[in-house]
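Engineer: Input: one structure, supplied below.
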Amino acid sequence: MIRIGENTYYHAIICLNGHIISDSIESFETKMGFCKDCGKPTINKCQNCKNPIHGDMYIPNFVNAIQMESPSFCYGCGNPYPWTKSKINALEELIDFEEKLSETNKEDLKKNINDIINETPRTKIATIKFKHLLTKMGKETGIMAKNLAVEMASETAKKYFLEK
Ligand SMILES: [Zn+2]
Ligand SMILES: [Zn+2]
């Protein structure tokens with residue numbers, strides 16, 4: 001079990017692409033392997049600070065049947081997990097690929113990604129700016145970029161993305 005603040009969590013095993021292998025292991029000493037969905041190696045700790053990856057919250061006498069989502073950032077060092085990094089890279093690649101955007105637009109879009117996925121004082125403004133810039137993209141690429149951003153977005157950013 002892992003204690004973070006007031007809460008206790010199970011250990012998790014997640015593949016490098018973010019597929020959850022297990023979110024409710026009690027011990028850290030579980031055999032590691034490869035993901036059955038994508039074949040990538042699995043990890044159970046942050047590759048940066050070595051803190052274990054947490055799974056579901058542990059509540060005594062309660063079985064949580066809903067699988068959690070992979071955490072985006074490490075609670076120990078604040079760095080994005082490998083699957084978060086891959087998604088950020090994919091989103092940046094898509095932005096760079098869009099011919100309809102000026103270089104300034106591209107830089108502005110990329111600058112806002114971190115504040116969209118982290119809860120920061122800039123989250124609201126970053127999301128609004130990002131949404132506005134998306135309208136300058138092609139229809140298909142714009143939708144794709146929005147979906148990628150929403151997948152990673154913090155709760156606050158999600159709210160602003162889904163708002164008209
Ligand atoms: Zn996988
Ligand atoms: Zn870490």
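The values are calculated or read from the model by the stated rules, or taken from the named source; none is laboratory data. Since the model is a prediction, treat every value here as computed from it, not as a measurement. Cβ sites come from the backbone with ideal geometry, for glycine too, and all protein chains shown count toward neighbours.
Engineer: For the subset of region 41-61 comprising residues that are away from ligand 2 (no atom under 16 Å from the Cβ) and more than 14 Å from MET1 (Cβ to Cβ), which member is surrounded by the fewest Cβ atoms within 10 Å (Cβ to Cβ)? Talk me through it step by step, then tell me what you get.
Structural biologist: Residues of region 41-61 away from ligand 2 (no atom under 16 Å from the Cβ): 41-42, 56-61.
From the residues that got through so far, the ones that are more than 14 Å from MET1 (Cβ to Cβ) too are 41-42, 61.
Numbers: PRO41: 12, THR42: 22, ASN61: 4.
Filtering first and then ranking leaves ASN61.
Engineer: Scan ALA126, ALA145 and give me the residue that is surrounded by 18 or more Cβ atoms within 10 Å (Cβ to Cβ), at pLDDT 95 or above and either touching a Gly at 6+ places or on another chain (Cβ under 7 Å) or closer than 30 Å to CYS35 by Cα (or both). Don't jump to the end; show me each part of the working.
Structural biologist: Working: ALA126 fails: either touching a Gly at 6+ places or on another chain (Cβ under 7 Å) or closer than 30 Å to CYS35 by Cα (or both).
Answer to the check: ALA145.
Engineer: Further question on the same structure: Is one or more of the residues making up region 79-87 under 22 Å from ILE43 (Cβ atoms) and either of a type in the set (Gly, Ala, Ser) or exposed (fewer than 14 other Cβ atoms within 10 Å of the Cβ) (or both)? Walk me through how you get there before you give the answer.
Structural biologist: Step one: list which residues in region 79-87 are under 22 Å from ILE43 (Cβ atoms), which gives 79-87.
Of the ones still in play, those that are also either of a type in the set (Gly, Ala, Ser) or exposed (fewer than 14 other Cβ atoms within 10 Å of the Cβ) (or both) are 85-86.
Yes, region 79-87 contains at least one residue that is under 22 Å from ILE43 (Cβ atoms) and either of a type in the set (Gly, Ala, Ser) or exposed (fewer than 14 other Cβ atoms within 10 Å of the Cβ) (or both).
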